[in-house]
Amino acid sequence: MHASKLLVALFASGVAVACASTPGAEPHDASAAHHDDMAKAADRAASAHAAKYDPNAHDDVERCLYGGVSGAPACFTSTRNPTAEHRVDADKYRRMAADHRAASQALRDAEARACVGLADRDRDMSPFAHREDIANVEPLPASASGPRSAPRVEGALITFRAIPGMTTAWLQRIVDCHVAWNAALGHDVPEMAFCPLVPNHVTATVTEVSGSFAVAVRSDDPATSQEILKRAQTLVAK
């Protein structure tokens, strides 16, 4: 959503704004860049409301004194400044901006921690782009929750052939970096439509099996699990 449209949406979302925490401001709800845009839009909304707040504004004195007698609405203390609502709204939008900035920073910090020290080529290219080194792909079954539970696929198990220099720790670092990098991009990376690490709510664990390296990519979300498997299967499609 463009910032201008977002600003309109923010003004229109009175119920959402009033919540204790900002809807859509969890780190994985959007990309770091989109969280930044939302924070800027909330800042503009806060400034607009703050400009309309006049600390010296008061309701008509006569209305306040005789409202109950004349039939006009009573002038309660909380409503004596007709611009007070703008101050409240300005504070709410400032909190929204802060929440989105915190989410953006969390995504960027996670990416920095996960990718520190890796070569540019390993940061920029998905490990699953090296299809010639992938030996096998198979569905990753979920643990059964009971004796009559129907089999459920949790994701995919992708096995790499042993190559010079590859270790479990090294491959795990690259996988972790790409999971964090994809999160910072909002899990929207069209140029990596083949990569099973792109979808949201994905975890990946590397283990060594008989000299090969197996990457278990999984998700608790059934739709995401199927997407993981679909992407993984394209890696070895003939």
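Just so it is clear, none of the values below were taken in a lab; they were calculated from the coordinates. Computed from a prediction, not measured in an experiment: that's the story for all the values here. As a convention, Cβ positions derive from the backbone with ideal geometry for all residues, glycine included, and neighbour counts pool all protein chains shown.
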Using a simple spin-label model with points 7 Å from Cα along the Cα→Cβ vector, what separation in nm is obtained for residue 116 and residue 102?
2.3
Please list, by residue number, everything in the stretch 40-59 whose backbone N is under 15 Å from a paramagnetic label point 7 Å out along Cα→Cβ of residue 83.
47-59
Tell me which trypsin sites (Lys or Arg not before Pro) from the stretch 121-197 have a DSSP coil assignment and no more than 10 other beta carbons within 10 Å of their own.
148
Expressed in nanometres to one decimal, the distance between label points 7 Å along Cα→Cβ at residue 153 and residue 136 is 1.7
Using r as the Cβ-Cβ distance of residue 48 and residue 163, and R0 as 41 Å, what FRET efficiency do you calculate, to the nearest 0.05?
0.10
Nearest 20 debye, what's the magnitude of the dipole of the stretch 84-138 about its Cα centre given +1 on Lys and Arg Cβ and -1 on Asp and Glu Cβ?
400
